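Visitor: Structure below; questions to follow.
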Amino acid sequence: MNHRHSSSIERFHCTNPVFVCVISYTETSTIPGITIAGASPELMKYTSPADSEFLYYGYCKCLEEVPITPDGKPTPAIITRSVVGATDIPFFVVDAGSMIKPLVPCISFDQEYGKNIAFGSAVDPGNVKKAFEYGNLLGTQLSKMSDLVVVGESIPGGTTTALGVLSALGASAEFRVSSSMPNNPHNLKNRVISQGMTNAGIKRGDLKSEPFKAISILGDPMLPSISGIAAGVLGSGGKVMLAGGTQMTAVIAILKSLDQPLDNICIGTTVYVARDQTSDLVGLTESLSEKSVPVYASNLHMEESSIDGLQAFSKGYVKDGVGAGGVSIAAILKLSGRINGENLLYFIEREYNRLVLSRHHTQASL
């Protein structure tokens, strides 16, 4: 496990971590070329509920499809499911504005899905406030039952909305957020955000001290939900790992703008995000938090896998999501060095093979 920071990871050692996966949707994801987090634009709205169903069942209920692209690239939920299963980490799903409701038990934040940020009006301001408050209440409860709350997300188009919020808050984040694709569509993202700002009548940094307004104009319902959960845990003296890539820097920026203490929070991702040449997770986090928020990255040795679909993670596809990197780090911390990324790869490959086998069975029975 790599960590690009002087702060010791020992501080986040845990014996009973819990994982919370926040699922959501933004119409920003329907902008052509912005994401590949879904087999096609019309299937995009199924990505998040399908991920949460996969965590529970090992297959999807809202979709007939197996969550693997036609050329074999799986959802990152395959990593998360393998790791929580192998290491007994409990998890919960929070519905924070998923367009399609998942067929699983989930905690509802009573949110509408987010609109396209290009229009400069993304989330109802009342809903932003409610998402944060509900998150705060949930985080307070989670901190009583766990010594490390790991929070991840599934929302297609989420790096673009994160960039929007970062820009409104005055962070220099252009060309620094990651993407689900090897060719990061930075210019398209920047154009969408400029359009949204123009339509809302704001400029970069105008909302430096108004994070909720920044979210309502250029964000999505996932961001206030995760920020609220983190604030609830931190306010109760607990520890938080934000499990994800550059979207989580927007959560850091929101918490900072709200004057929340950032002592017991870190970001946990995969090396595929941390090493990504088309983004800058570590630099962005350091610039936002005056170097107080460490970034840890799990190495799952995907490039050594005999499975092409898993090797794709190390070649710049998807890279992280559904808390995959953070959950892997929490598992390694929980088991105090008794497992490592190579051991976890064994469980991930086993899950992948089960999934491919089930796809062949499905095709054979058609």
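Where a number appears in this text, it was derived from the coordinates with a stated rule and is not lab data. Bear in mind that the values here come from a model prediction, so they are computed numbers and not experimental data. So basically every Cβ, Gly included, is an ideal-geometry build from the backbone, and we count neighbours across all protein chains shown.
Visitor: Per residue of the stretch 215-220, what does 6.51 cos²θ - 1.76 cosθ + 1.60 with θ = phi - 60° give for ³J(HN,Hα)? Whole Hz please, x for Gly and Pro, Karplus curve as stated.
Guide: In residue order, the calculated couplings are 5, 5, 8, 10, x, 8 Hz.
Visitor: Also, I was wondering about something else. Read through the labelled values (1) 65, 61, 48; (2) 55, 45, 37; (3) 57, 43, 42 and report the label of the one computed as Cα extents along the principal axes in Å from the structure.
Guide: Matching entry in (1) 65, 61, 48; (2) 55, 45, 37; (3) 57, 43, 42: (2).
Visitor: For the stretch 253-337, what is the Kirkwood estimate of the hydrodynamic radius, computed as the reciprocal of the mean inverse distance between distinct Cα atoms, to one decimal in Å?
Guide: After inverting the pairwise mean of 1/r, the radius is 14.1 Å.
Visitor: If I model a spin label at Asp308 and Leu43 as a point 7 Å from the Cα along the Cα→Cβ vector, what separation in nanometres do I get?
Guide: 1.7
Visitor: Using a 10 Å Cβ count of at most 13 others and DSSP loop calls, identify the longest part of the chain lacking such GluC sites (Glu not before Pro).
Guide: Longest site-free region, per DSSP loop and neighbour criteria: 113-289.
Visitor: Given the pairs Lys203/Lys256; Lys213/Lys256; Lys45/Lys203, which span a C-alpha to C-alpha distance of over 22 angstrom in this model?
Guide: Correct reply: Lys45/Lys203.
Visitor: In deg cm²/dmol and to the nearest 500, what is the mean residue ellipticity at 222 nm of the chain if only DSSP H runs of at least 4 residues count, each as -39500 (n - 2.57), divided by the residue total?
Guide: -13500 deg cm²/dmol
Visitor: Another question about this same structure. Using the Karplus curve 6.51 cos²θ - 1.76 cosθ + 1.60 with θ = phi - 60°, work out ³J(HN,Hα) for each residue of the stretch 259-268 in order, rounded to whole Hz, and write x for Gly and Pro.
Guide: Ordered by residue, 3J(HN,Hα) equals 6, 7, x, 10, 6, 10, 10, 9, 10, x Hz.
Visitor: Given H placed on each backbone N at 1.01 Å, which residues far from Val94 in sequence or on other chains put an amide H within less than 5 Å of it?
Guide: Residues meeting the criterion, in which the H sits 1.01 Å from N, are Cys21, Val22, Ile23, Ile107.
Visitor: How large is ³J(HN,Hα), in whole Hz, for each residue of the stretch 327-342 in order, when computed from phi with the Karplus curve 6.51 cos²θ - 1.76 cosθ + 1.60 and θ = phi - 60°, using x for Gly and Pro?
Guide: 5, 4, 5, 4, 5, 5, 5, 4, 8, 6, x, 7, 10, 9, x, 5
Visitor: Given the peptides 205-214, 101-110, arrange them by the average over their residues of other C-beta atoms within 10 Å, most packed first.
Guide: Output ranking for 205-214, 101-110: 205-214, 101-110.
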